[in-house]
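Here the structure comes first, spelled out in structure tokens, and everything after it is commentary.
The values are calculated or read from the model by the stated rules, or taken from the named source; none is laboratory data. The shown structure was predicted, so the numbers you read here are calculated from the model rather than taken from an experiment. Reconstructed Cβ throughout: ideal geometry from the backbone, glycine too, with neighbour counts over all protein chains shown.
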Amino acid sequence: HGAVRYSSLIERIIAAAKAQKIAMPGTKQLIIGIKINAHQILELSRRREAVHREVEALACQLPQFDILLSMPGIGPQTAATILMCIGDISHFRTPAQLASYAGLCPQDRQSGTSINSSGPNRGGNKKLKNALWQSAFASIRFHERSHQYYDRKRAEHKRHNAAVMCLARRRCNVIFRMLKDMTYYHEQHPAQRQKQAV
């Protein structure tokens, strides 16, 4: 998909350069340069897509792949990305450690010796963070409990992105447990939780 997108963009740039009414010095050289760079960009895009396919093919052979697919909002590409980014789950002792690694925990803003407030974490593993955010966003559309949680956060006056991030953080806890225990996603209803709590 990426190669097609880049190809379309490059064609538009070349067409725009050729459509110039005023003859600018160096226009031909510019078009040649664009074409050379275009081929390099397309080749890199194709290689990147090939690597993604290889990673997905390797990931689908792991038992953890099917475990992640059992969670609402996670598809094959997202599952492969999550497994690639996390690696060995035993490197993380707690869900909080995994969330911190993914950049899902709020970051304190410091001024001098005092902490003013907490805000979005710009650090962490960006690929993992994006995969968890995207899967959380996808789950809102068709998974009732995810949608309810998102609505609750919005009712607390959180913006859309922040509400999805809260859901991603919550789901990170579940993913941690699923991978640690090698168990499929299981939705526990409130009545079941109350029975177990008694």
Scanning the range 132-144 for residues that are in a helix (DSSP H, G or I), surrounded by 15 or more Cβ atoms within 10 Å (Cβ to Cβ) and either in contact with a Leu (Cβ under 9 Å, 6 or more places away or on another chain) or not hydrophobic (A, V, I, L, M, F, W, C) (or both) gives L132, W133, Q134, S135, A136, F137, S139, I140
Checked the range 50-78 for anything modelled with pLDDT of 80 or more, part of a helix (DSSP H, G or I) and surrounded by fewer than 15 Cβ atoms within 10 Å (Cβ to Cβ); matches are P63, D66, P76
So the check is Cβ under 8 Å with 6+ separation or different chains; which pairs have a first residue in the range 64-87 that's among the charged types (D, E, K, R) and a second one that's surrounded by fewer than 22 Cβ atoms within 10 Å (Cβ to Cβ) and part of a loop (DSSP other than H, G, I, E, B)? D66/Y184
Taking the options L30, L9, L98, name whichever one is modelled with pLDDT of 80 or more, part of a helix (DSSP H, G or I) and not polar (S, T, N, Q). L98
